[in-house]
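Quick note: the coordinates plus some simple rules give every number you see, no bench work behind them. The structure presented is a predicted model; accordingly, all values stated were derived computationally and were not measured. Positions of Cβ are backbone-derived with ideal geometry, glycine not excepted, and every protein chain shown enters the neighbour counts.
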Amino acid sequence: MKHKEYSIPFSGLKQGKHQFDYVIENKFFESFGYDEFNDTNIDLNVQLNKTSTMLELEFHAKGTVNVNCDISSEAYDQPIEAELQLVVKFGDDFNDDDDEILIIPHGEHQVNIAQYVYEMLVLAVPQKRVHPGIADGTLQSEVLDRLKALQPKESRENKEDNDPRWDALKKLLTDK
């Protein structure tokens, strides 16, 4: 079975709350074939609430992933934080079609959370990755200098030569 360390054996646990802690490193994502992170350091806390009819899992992850900036290609540490709640119920067949409810067969004695952890953490990283130094102007990079040099300059002609036909059309927009 893949990712044995993320299988939680619940059959021997008493009813009530139980705590599981993990440290997620880059090899976890590599095992899924995901290579967009340079490095990871994420603390994962899983709280299992066992009842007589179901299991309730609460995931809380906090840490950093080292990614490349989409603008400058500079590597930086992106802080992430994510939470997920999962209900595990027992049924005749395995069913993971729902993102929040997992149905496992009655005879099972453990639940593997690796896929849920993977999806939660990948979705916690922003779609657009921008180095914090770009926003505050402290990042010095050849790429940024080149982008600034290639940036289009405002044309003086556009400011001075207004076409009266456009002015009439603009007036229609403001007369509402």
Q) With springs only between Cα atoms under 10 Å, which of D163, D39, D96 fluctuates most in a Gaussian network model of the chain? A) D163
Q: Would you calculate the separation in nanometres between label points at H3 and E58, each defined as 7 Å from the Cα along the Cα-to-beta-carbon direction?
A: 2.2 nm
Q.
With angles folded into 0 to 90 degrees, how steeply does helix 164-174 sit against the dominant principal axis of the chain? Use alpha carbons for both and round to 10.
A. 40 degrees
Q: Please give the length that would be gained between D93 and T51 if that part of the chain were fully extended, namely 0.36 nm times their separation in residues minus their C-alpha to C-alpha distance (nm, one decimal).
A: 13.1 nm
Q: Using a Gaussian network model of the chain whose springs link C-alpha atoms within less than 10 Å, name the residue from K89, K62, K128 with the highest mean-square fluctuation.
A: K128
Q) Once you put a point 7 Å from the Cα of R129 and another 7 Å from the Cα of D70, both along the Cβ direction, what distance in nm separates them? A) 1.1 nm
Q.
Percent of Cα-Cα pairs more than 20 Å apart in region 1-72, please.
A. 45 percent
Q: List every residue whose amide H lies under 5 Å from the amide H of A75, counting only residues 5 or more places away in sequence or on a different chain, with H placed 1.01 Å from N in the peptide plane.
A: C69
**Q.** Among [x] -0.29, -1.07; [y] -0.21, -1.04; [z] -0.46, -1.07, the entry that matches log10 I(q)/I(0) by the Debye sum over Cα atoms at q = 0.08, 0.17 Å⁻¹ as calculated here
**A.** [z]
Q: Based on other C-beta atoms within 10 Å, arrange R129, R165 from fewest to most.
A: R165, R129
